[in-house]
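See below for the structure under consideration.
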Amino acid sequence: MKTFMKILYWIFGILALLVVVSYLLPKHYKVERSIYISADNKLIYNLVSNFEKWYIWVPWTHEMDSTAVFEITGEDGRVGATWSWNGKILGEGSMTATEFVPGEMLAYDLSFSKEKYKSKGKIIINEDDSCKVIWTDEGDLGYNPINRYMGLFMDKMMGPGFEKGLIKLKMVAEERKSWPRIEEIEMPAQVALIIRDSAGPSEYEAVMGCAYGEMMNLIQDKKYKQTGAPFAIYIRWDSVTLFSVMDIGIPVEKAEKVTGRIKVKTLPVQNGVRAIYFGPYSKTANAYYALMQYCKESNKEETGGPWEIYITDPMTEKDSMKWETHIVFPVK
């Protein structure tokens, strides 16, 4: 019995010592990692300021935890937007945006286990020749002895995830430097004159030139009002032969039904992802690649063939590097 009591006293003594020591430990912790990214600060900010885009670069995704359920509530990219998750590996948690400084900083509140563990995080973008991106998370450990000891391990627990995320962010941002500007848009309903035709690599200029000539003659004869830039919708495309079937069109305010190969169509309202490309028509491959990557990363499902909208008239602007073309993928 005496031996048992001695063991008990020792246990209580050790526990008491651990409690006392815990109050000598820091009450506050801070985890910080940084990286230099050779990309525009606005591009980086776009990737970090919307939780929907965090799936592209953070390590905490379905690849880490296939059981996790993710949800974004509120208006993404605005104060109050919340990204929450629940999974066997990732556990239950949420991140709520609390402050934005466009091009410079995102601040958020982070919580785990139904707000049992809380902290505050920031991603700061310092603009220079290369942008220095700093990711921090810090929290108050309170007076709970267990939390005080946990604070000793927070850097090792969170730091590697920050490092992986920043490395992926660097890779994604630096790859996107060569991308054209990409926007999510709503294409309005419009009336258009349409000619459906097909062409191979050596025939595009002649086929499209002929079609636009026919439609412009009709517009002039009927005194129709043109309401937008000429376009082509690629209905079918063979990536090997580069042969395509396309609807070549010009938007007009209104038009009567006509005979011959010119058709009048009303095109519905559509959501789209648009790349704004400058350069010759033969060099659009990078813009198409960027749009495909963007749709894949953003879980956008394409609902029709891509559009090319020819903003610049090559007959009046001879410098092909100044030709502006909007490439649009209809999506839902």
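Which parts of segment 54-92 would a label at E163 reach, counting a residue when its backbone N lies under 20 Å from a point 7 Å out along Cα-to-Cβ?
Only 57-61, 64 pass the distance filter.
Length gain on complete extension for the stretch Q293 to D238, per 0.36 nm per residue less the alpha carbon to alpha carbon distance?
17.8 nm
Going by alpha carbons, how many degrees (0 to 90, nearest 10) lie between the helix axis of 285-297 and the longest principal axis of the chain?
40
Counting only residues 5 or more places away or on other chains, whose amide H sits under 5 Å from the amide H of A81 once H atoms are built in the peptide plane?
E75, A97
Please find the FRET efficiency linking D40 to I134, where r is the Cβ-Cβ separation and R0 is fixed at 22 Å, and quote it to the nearest 0.05. Don't skip to the answer; put the middle values down first.
Working: r = 17 Å, r/R0 = 0.78.
Taking R0 as 22 Å, the efficiency between D40 and I134 is 0.80.
Beta carbons within 10 angstrom, averaged per residue: use that to sort the peptides 271-280, 243-252, highest first.
Descending packing order for the listed peptides: 243-252, 271-280.
Give the long-range amide H neighbours of T312: residues separated by 5 or more places, or on another chain, with amide H under 5 Å away, using H modelled in the peptide plane at 1.01 Å from N.
Result for T312 returns E324.
Compute the separation of the alpha-carbon centres of segment 267-332 and segment 80-103 and state it in Å as a whole number.
33
Provide the gained length on full extension for the span V269 to C210, in nm with one decimal, where the gain is 0.36 nm per separating residue minus the Cα-Cα distance. Kindly include the intermediate steps, with their values, before the conclusion.
Values: separation 59, 0.36 × 59 = 21.24 nm, distance 2.80 nm.
Here the segment from V269 to C210 would lengthen by 18.4 nm.
Read phi for every residue in segment 223-234 and hand back ³J(HN,Hα) as whole Hz from Karplus 6.51 cos²θ - 1.76 cosθ + 1.60, θ = phi - 60°, with x for Gly and Pro.
Whole-Hz 3J(HN,Hα) from phi for segment 223-234: 6, 6, 9, 6, 10, x, 6, x, 8, 9, 10, 8.
Which lysines does K322 reach when only Cα atoms under 28 Å apart count, and residues fewer than 8 places away in its own chain are ignored?
K42, K177, K225, K283
Amide H to amide H under 5 Å from S298: which residues, 5+ apart in sequence or cross-chain, H placed 1.01 Å off N in plane?
none
How far apart, in nm, are two points set 7 Å out from the Cα along the Cα-to-Cβ line at T259 and at E302?
3.9
Taken together, the values in this text are just the output of simple stated rules run on the coordinates, not laboratory data. All figures in this text were calculated on a predicted structure; none of them were measured in a lab. Virtual Cβ from ideal backbone geometry, glycine too; neighbours counted across all protein chains shown.
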